[in-house]
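Notes follow once the structure below has been shown.
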């Protein structure tokens, strides 16, 4: 692809890549994996750009592909865990995330996938519930219920973290 198609894709990529990486990161909790998945989703968009560019919301298409790639990676978690067990623990990162960030990511990972997905779209993309419902192919009522359950679960998980950290500091 040459000319304006390439320039259009480049502009689309620059405008959307950060949001897509953030969405996938909220879903999987691993920044490097989120970046890899987002890159793969954008590579697929590039391969089909002639069709994808004609969609009302090409970014929604990329998010959907990224979500499917994320789910596929979750299916392979047993293989990854077995490999990590053989290789031993990874080296410590030079810059550790804050305890609050660790608590939020950990709490998000404990949510069911569907709830994690709508939480990411609602809070990270600031999408209205109706748009989320359309994007994930679910009724508006289902999205509202998933958000409500996710909020309740997250509140409980994060409150437990706060209480346990206060108790351990005493």
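List pairs: first in region 143-170 and outside the structural domain of residue 99 (by TED's automatic domain parsing) and farther than 27 Å from residue 117 by Cα, second surrounded by 12 or more Cβ atoms within 10 Å (Cβ to Cβ) and at pLDDT 85 or above, Cβ under 7 Å, 6+ apart or cross-chain?
Correct list of pairs: empty, since none qualify.
Report those helices (runs of 4 or more DSSP H) wholly inside region 1-61 carrying at least 3 residues which are in contact (Cβ under 8 Å) with a residue 40 or more places away in the chain.
4-28
Restricting to region 98-112, give me the number of residues that are part of a loop (DSSP other than H, G, I, E, B) and surrounded by 18 or more Cβ atoms within 10 Å (Cβ to Cβ).
Result for region 98-112: 1.
Looking at (1) surrounded by 12 or more Cβ atoms within 10 Å (Cβ to Cβ); (2) modelled with pLDDT under 90, find the lone condition where residue 117 falls short.
(2)
For region 74-90, check the following and say yes or no: at least one residue is at pLDDT 80 or above, under 24 Å from residue 38 (Cβ atoms), under 20 Å from the mean Cα position of the chain (by Cα) and in a helix (DSSP H, G or I).
Checked region 74-90: no residue is at pLDDT 80 or above, under 24 Å from residue 38 (Cβ atoms), under 20 Å from the mean Cα position of the chain (by Cα) and in a helix (DSSP H, G or I).
Identify all residues within region 13-38 that are within 14 Å of the chain's Cα centre (by Cα), modelled with pLDDT of 95 or more and exposed (fewer than 15 other Cβ atoms within 10 Å of the Cβ); write none if there are none.
Matches in region 13-38: 18 only.
The values are calculated or read from the model by the stated rules, or taken from the named source; none is laboratory data. Because the structure is a prediction, the values reported are computed rather than measured. Ideal geometry is used to build each Cβ from the backbone, glycine not excepted, and the neighbour counts take in all protein chains shown.
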